[in-house]
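Notes for the one structure printed next.
The values are calculated or read from the model by the stated rules, or taken from the named source; none is laboratory data. Quantities reported herein were computed from a predicted structural model and do not represent experimental measurements. Don't worry about glycine lacking a Cβ; one is built from the backbone with ideal geometry, like all the others, and counts go over all protein chains shown. Accessible surface areas use protein heavy atoms only, side chains included; no ligands, DNA or RNA. Shrake-Rupley method; radii C 1.70, N 1.55, O 1.52, S 1.80 Å.
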Amino acid sequence: MTDKVRVGVIGVGYLGRFHALIYSRMADVDLVGVVDSDPQRAAEVAAEAGCRVVADGAALAETVDAVSVVVPTTAHLEVAAPLLRRGIHMLMEKPIAATVEEGAELVRLAEAAG
C-alpha cells in the first residue's frame with residue numbers, strides 16, 4: 001500500500017471549496033487543511049471537508065506534498081512563489097498569472113524546483 005499524498009487548498013471561495021471537497025473524497029489523498037483570507041469561510045469549508053484550518057501558506061507548506069492555489073489571479077505569484085521555492089507540487093487555477101512577466105516567473109520557479 002502506498003502512502004497518501006498530503007494536500008492542502010489555499011483559497012476556498014467558490015472554486016476552492018470544490019477542490020477541498022474533491023480531495024477529501026479521494027482514497028489516496030489526505031486533505032491536511034485549508035487556508036483562506038476569510039476565517040469564517042475557511043472554518044465552514046474545513047468542517048464540510050473534514051480537515052483543519054491552517055493560518056497561512058507557510059504553515060501549510062510544513063505538512064503537505066502538494067497544494068491547490070485557488071486565489072485571485074493577481075495573488076498567484078505572491079502565494080505560489082514561496083511554495084514553489086520549497087518544492088511543493090501545485091495545481092494552480094487558470095489563468096496562471098495577471099501578467100506575462102509574473103507567468104514567466106512562476107514557470108521559472110517551477111522549473112528550478114524540478
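What's the magnitude of the charge dipole for the chain around its Cα centre, counting Lys and Arg as +1 and Asp and Glu as -1 at the beta-carbon? Answer in Debye, nearest 20.
180
Just add up the charged neighbours of Ala58: K/R +1, D/E -1, any other residue whose Cβ is under 14 Å from the Cβ of Ala58.
-1
Taking the convex hull of the alpha carbon atoms in segment 3-47, what volume per residue do you get, in Å³?
55
Using 7 Å Cα-to-Cβ label points, what is the Glu44/Leu21 separation (nm, one decimal)?
Distance between label points: 1.2 nm.
Which whole-number percent is the relative contact order of segment 9-114 (Cα, under 8 Å, 6+ apart)?
Dividing the mean separation by the residue count of segment 9-114 yields 24 percent.
Counting only protein heavy atoms and using a 1.4 Å probe, what share of the accessible area of the chain belongs to carbon plus sulfur, as a whole percent?
So the carbon and sulfur contribution to the accessible surface is 57 percent.
In µm²/s, what is D for segment 30-114 at 20 °C and 1.002 mPa s, where D = kT/(6 pi eta Rh) by Stokes-Einstein and Rh is the Kirkwood radius from Cα pairs?
In µm²/s, the coefficient is 161.
Would you tally the net charge around Thr73, using a Cβ to Cβ cut-off of less than 13 Å, leaving Thr73 out, and scoring K and R as +1, D and E as -1?
Counting the neighbours of Thr73, the net charge comes to -2.
Taking only protein heavy atoms and a 1.4 Å probe, what accessible area per residue, in Å², does the chain have with all protein chains in place?
57
Summing Lys, Arg as +1 and Asp, Glu as -1, what charge do residues with Cβ under 12 Å from the Cβ of Ala42 carry, Ala42 excluded?
-2
How large is the helix-only mean residue ellipticity at 222 nm for the chain, computed as the sum of -39500 (n - 2.57) over DSSP H runs with n ≥ 4, divided by its residue count, in deg cm²/dmol to the nearest 500?
-13000 deg cm²/dmol
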